[in-house]
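Asker: So that we are looking at the same thing, I have put the structure below in structure tokens.
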Amino acid sequence: MKFKNLKEINHPLIVHKLSLLRNKETGRKEFKELIDEIAMLMTYELTRDLPLTEVEIETPLEKTKCKQIIDLQVVLVPILRAGMGMVDGILRIVPFAKIGHIGLYRDHKTLQPVSYYFKIPPLQENHLFILIDPMLATGGSASFAADVLKQNGVKNIKFLNLISAPEGVEKFNEKHSDIDIYTCALDRELNDKGYILPGLGDAGDRLYGTV
Ligand code: PRP
Ligand code: URA
């Protein structure tokens with residue numbers, strides 16, 4: 001594998017759903033449902049090593065010891081807009097997660113990220129921040145978002161996306177090779193407008209009907 005921190009999740013259900021997502025005939029309702037389903041399945045992999053703490057609970061029959069995820073603050077940080085599309089699916093299996101937001105858009109001419117919003121919950125010592133954006137294209141947005149999180153004291157970050165371009169992983173890794181990237185697919189390349197090939201088109205436009 002060319003990129004050590006790139007974890008390509010190729011579970012058959014994810015691969016199948018991603019092919020439906022890429023299809024230009026897939027309409028907005030199905031597109032959103034697929035994004036949620038894939039995000040949920042990927043979160044299952046991403047959270048594989050979360051720490052568990054022993055607790056005592058009472059079943060209807062007796063007291064018993066069980067394990068729960070209680071000593072870790074989990075924060076989802078979608079990059080607006082398209083990252084928001086993945087949050088519902090993730091919350092289905094991590095309902096205790098808090099949510100921060102980073103507002104960025106790519107300037108269409110320069111392809112540089114323009115920042116317009118940032119808010120995260122107060123940091124706890126033991127935390128996991130999951131940065132979320134379906135597309136890692138030039139890498140400018142994700143790299144900027146990781147910069148801002150680190151500047152705000154966040155130490156433990158994982159990045160969850162759907163499709164990565166090699167150019168984007170390289171750019172991200174210039175500063176953030178310490179952050180694992182969970183992706184469904186490493187695609188071929190970017191076109192001259194900074195879109196991923198073969199990709200799935202403009203994720204925000206397909207989610208929100210702004211094409
Ligand atoms: C898309 C996408 C990423 C960014 C990726 O957002 O959701 O945030 O582009 O491109 P990059 O890796 O080259 O930075 P966009 O800027 O189109 O904003 P939107 O989500 O508001 O549509
Ligand atoms: N943003 C998208 O939504 N799609 C791309 O292919 C590149 C950036």
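Asker: Starting from the amide H of Ile99, placed 1.01 Å from N in the peptide plane, find each other amide H under 5 Å away whose residue is 5 or more places distant or on another chain.
Answerer: Answer set, sorted by chain and number: Leu76.
Asker: Let's test the formula: R0 of 30 Å, r as the Cβ-Cβ distance of Lys175 and Glu54. What FRET efficiency results, to the nearest 0.05?
Answerer: Given R0 = 30 Å and the Cβ-Cβ separation, E is 0.20.
Asker: Okay, next question. Exceeding 22 Å between C-alpha atoms, which entries from my cross-link table qualify? They are Lys4/Lys98; Lys119/Lys158; Lys4/Lys119.
Answerer: As for pairs spanning more than 22 Å Cα to Cα, those are Lys4/Lys98; Lys4/Lys119.
Asker: Right, here's the next one. How far is helix 166-176 tilted off the main Cα axis of the chain, in degrees rounded to 10, range 0 to 90?
Answerer: So the helix axis and the longest Cα principal axis differ by about 50 degrees.
Asker: Additional query: What is the packing order of peptides 139-151, 54-66, taking the mean over residues of other C-beta atoms within 10 Å and listing the highest first?
Answerer: 139-151, 54-66
Asker: Could you list which residues have their amide H under 5 Å from that of Leu128, counting only those 5 or more apart in sequence or on another chain, with H placed in the peptide plane?
Answerer: Here the answer is Gln73, Val74, Val75, since their amide H atoms fall under 5 Å of that of Leu128.
Asker: Moving on. For segment 13-29, take each phi angle, set θ = phi - 60°, evaluate the Karplus expression 6.51 cos²θ - 1.76 cosθ + 1.60, and give the result in whole Hz per residue in order, putting x for glycine and proline.
Answerer: Karplus values, whole Hz, x for Gly and Pro: 5, 5, 4, 5, 5, 5, 5, 5, 5, 5, 5, 5, 7, 6, x, 5, 5.
Asker: Here is a follow-up. Using the crude model of +1 on Lys and Arg Cβ and -1 on Asp and Glu Cβ, and no other charge, please compute the dipole size for the chain relative to its Cα centre, in debye to 20.
Answerer: Using Cβ point charges on Lys, Arg, Asp and Glu, the chain gives about 320 debye.
Asker: Among Thr53, Thr26, which comes first, then next, by fewest other beta-carbon atoms within 10 Å?
Answerer: Thr53, Thr26
Asker: May I pose another question? As a test of the formula, what do you get for the chain when each DSSP H run with n ≥ 4 contributes -39,500 (n - 2.57) and the sum is divided by the residue count, at 222 nm and rounded to the nearest 500 deg cm²/dmol?
Answerer: Taking each H run of at least 4 residues, the total per residue is -9500 deg cm²/dmol.
Asker: If we count other beta carbons within 10 Å of each Cβ, what is the order of Lys109, Lys32, fewest first?
Answerer: So the residues, fewest neighbours to most, are Lys109, Lys32.
Asker: Can you return the aspartates and glutamates within cross-link range of Lys175? Criterion is Cα-Cα under 17 Å, with same-chain partners fewer than 8 residues away left out.
Answerer: Partners within reach: Asp147, Glu167.
Asker: Enter the angle in degrees (range 0 to 90, nearest 10) between the Cα long axis of helix 140-151 and the first principal axis of the Cα atoms of the chain, meaning the one along which they spread out most.
Answerer: 40 degrees
Asker: So for each of 162-169, 184-191, 121-128 I average, over its residues, the number of other beta carbons within 10 Å; can you give me the resulting order with the highest mean first?
Answerer: In decreasing order of mean packing, 162-169, 184-191, 121-128 become 162-169, 184-191, 121-128.
Asker: While we're looking at this one, here's another question. Once phi is turned into θ = phi - 60°, what whole-Hz ³J(HN,Hα) does the Karplus curve with 6.51, -1.76 and 1.60 give for every residue of segment 201-211, x standing for Gly and Pro?
Answerer: x, 8, 4, x, 5, 6, 6, 10, x, 9, 5
Asker: Based on DSSP, what percent of beta bridges with both residues in the chain are antiparallel, to the nearest 5?
Answerer: 35 percent
Asker: Now a separate question. I'd like to know which of His127, Asn173, Gly139 lies farthest towards the positive end of the charge dipole of the chain, counting +1 on Cβ of Lys and Arg and -1 on Cβ of Asp and Glu.
Answerer: Result: Gly139.
Asker: Sticking with this structure for a sec: Under a cut-off of 17 Å between alpha-carbon atoms, report the aspartates and glutamates in cross-link reach of Lys63, not counting same-chain residues fewer than 8 places apart.
Answerer: By straight Cα distance, Lys63 reaches Glu54.
Asker: Ok, one more. For Leu6, enumerate residues with amide H under 5 Å from its amide H, sequence gap 5+ or separate chain, H modeled in the peptide plane.
Answerer: Under 5 Å from the amide H of Leu6 lie the amide H atoms of Ile181, each far enough along the sequence or on another chain.
Asker: On to the next question. Explain nothing, just the number: relative contact order of the chain, from Cα pairs under 8 Å at least 6 residues apart, as a whole percent.
Answerer: 22 percent
Asker: Take Lys109 and Glu30, extend 7 Å from each Cα along the Cα→Cβ direction, and tell me the distance between the two endpoints in nm.
Answerer: Simple spin-label model gives 3.9 nm for this pair.
Asker: How high is the relative contact order of segment 94-192, in percent, with contacts defined as C-alpha pairs under 8 Å that are six or more residues apart?
Answerer: 24 percent
Asker: Spelling out what I want: for every residue of segment 60-76, take phi, set θ = phi - 60°, compute 6.51 cos²θ - 1.76 cosθ + 1.60 (Karplus), and round to whole Hz; glycine and proline get x.
Answerer: After applying 6.51 cos²θ - 1.76 cosθ + 1.60, I find x, 10, 6, 6, 8, 9, 9, 10, 9, 8, 10, 9, 9, 8, 9, 10, 8 Hz.
The numbers here are math on the coordinates, done by the rules we state, and not lab data. Keep in mind the model is a prediction, meaning the values are calculated, not measured. Every residue, glycine among them, receives a Cβ derived from its backbone with ideal geometry; neighbour counts consider all protein chains shown.
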